[in-house]
Amino acid sequence: MGAATDDRPKALVELNGIPLISWQISAFRSAGIKTIGVVTGYRADLLEPYGDRHFHNKNWATTNMVASLRCASEWLAVDNCIISYSDIIYDPSAIELLIHSNSDLAITYDPDWLKLWALRFDDPLTDAETFRVDENSMLLEIGGSPKSVEEVQGQYMGLLKIGPTGWQILLETLCSSSPELQQTMHLTTLLDQQTGNTPERITCLDYRGRWAEVDSLSDLVIAESLFAELPNFK
């Protein structure tokens, strides 16, 4: 995002004049979520007005998303939680899909991903990741580098549900890695390591509503056209 994040976390980059995190909070509230937690890192002070609970990753500069998620472990261990990356926006229906899932580990994915990626990239495969599900919509593969679109049945959106049992299973999988890898692991890597494991597999929920990922200023322009109306703040 260049200079847009020099003085603020990515979640505070504005889309149509509204910070990304406010779009996310609006979607959560509209879907009926009452308590929202925020895991902070860079410029945590700027995120204090947002959400109801705060968890801080003091090692944000040298760790990755899994380490940040682990900062909220005390909550994840006891409640069903919906997790959102900070650089995506979506309609409340995406949150509702996860709320209504009976799975302790569930993710949303976009089967029509190529339309959005074609807007974002000259060659969508330069950014897309492998994503495959089985006939029961259980995750088979995620996070690899595809050689063809046939290896990409959809794109993971950065939205997931984790229940207490699912969190315990993810922690056990995580702790089987080296301490160094635990600190730098991407969430998609952890999810991929979980594929095929028992007793808890990962349910994949087909989402066909609006959403956008903001990784660059050009992404921001695309997202602004997709979400022209302001969110319904509650």
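The values are calculated or read from the model by the stated rules, or taken from the named source; none is laboratory data. No experiment lies behind these values; they were computed from the predicted model shown. Glycine gets a Cβ as well: all are built from the backbone with ideal geometry, and neighbour counts include every protein chain shown.
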* Of all residues making up region 154-195, the number that are closer than 13 Å to residue 77 by Cα and touching an Asp or Glu at 6+ places or on another chain (Cβ under 6 Å) -> 4
* Asked: Residues in region 218-232: is at least one aromatic (Phe, Trp, Tyr) and over 30 Å from residue 2 (Cα atoms)?
  -> no
* To do: Select from region 198-221 the residues that are part of a loop (DSSP other than H, G, I, E, B), of a type in the set (Val, Ile, Thr) and surrounded by fewer than 22 Cβ atoms within 10 Å (Cβ to Cβ) and list them in ascending order.
  => 198
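Restricting the search to region 141-175, which residues are touching a Pro at 6+ places or on another chain (Cβ under 9 Å) and either charged (D, E, K, R) or over 24 Å from residue 93 (Cα atoms) (or both)?
149, 165, 169 - these are the residues of region 141-175 that are touching a Pro at 6+ places or on another chain (Cβ under 9 Å) and either charged (D, E, K, R) or over 24 Å from residue 93 (Cα atoms) (or both).
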* Any chance you could count how many residues in region 1-27 are surrounded by fewer than 20 Cβ atoms within 10 Å (Cβ to Cβ), in contact (Cβ under 8 Å) with a residue 40 or more places away in the chain, part of a helix (DSSP H, G or I) and hydrophobic (A, V, I, L, M, F, W, C)? => 1
* Asked: Counting only residues that are surrounded by 14 or more Cβ atoms within 10 Å (Cβ to Cβ) and more than 25 Å from residue 203 (Cβ to Cβ), how many does region 103-120 have?
  -> 2
* Return yes when residue 190 is in contact (Cβ under 8 Å) with a residue 12 or more places away in the chain and farther than 30 Å from residue 3 by Cα and no when it is not. => yes
* Structure fact -> Within region 45-77, restricting to residues that are touching a helix residue (DSSP H, G or I) at 6+ places or on another chain (Cβ under 6 Å) and within 20 Å of residue 90 (Cβ to Cβ), the one that is surrounded by the most Cβ atoms within 10 Å (Cβ to Cβ) is 65
* Identify all residues within region 121-134 that are within 30 Å of residue 164 (Cβ to Cβ) and surrounded by 15 or more Cβ atoms within 10 Å (Cβ to Cβ); write none if there are none. => 129, 130, 131, 132, 133
* Which residue, of 200, 180, 172, 150, is among the acidic types (Asp, Glu), more than 19 Å from residue 24 (Cα to Cα) and in contact with a strand residue (DSSP E or B) (Cβ under 7 Å, 6 or more places away or on another chain)? -> 200
* Structure fact -> Exception for residue 42 within (1) among the aromatic types (Phe, Trp, Tyr); (2) in contact with a Gly (Cβ under 9 Å, 6 or more places away or on another chain); (3) surrounded by fewer than 18 Cβ atoms within 10 Å (Cβ to Cβ) falls at (2)
* Structure fact -> Exactly one of 154, 143 is touching a helix residue (DSSP H, G or I) at 6+ places or on another chain (Cβ under 8 Å), surrounded by fewer than 19 Cβ atoms within 10 Å (Cβ to Cβ), small (Gly, Ala, Ser) and at pLDDT 95 or above, and that one is 143
* Every residue from region 92-102 that is among the small types (Gly, Ala, Ser) and either in contact with a Lys or Arg (Cβ under 7 Å, 6 or more places away or on another chain) or surrounded by fewer than 23 Cβ atoms within 10 Å (Cβ to Cβ) (or both) -> 93, 101
* Flag for residue 137 being in contact (Cβ under 8 Å) with a residue 60 or more places away in the chain and among the hydroxyl-bearing types (Ser, Thr, Tyr) -> yes
* Test for residue 108: is it touching an Asp or Glu at 6+ places or on another chain (Cβ under 6 Å), on the phi < 0 side of the Ramachandran plot and of a type outside the set (A, V, I, L, M) -> no
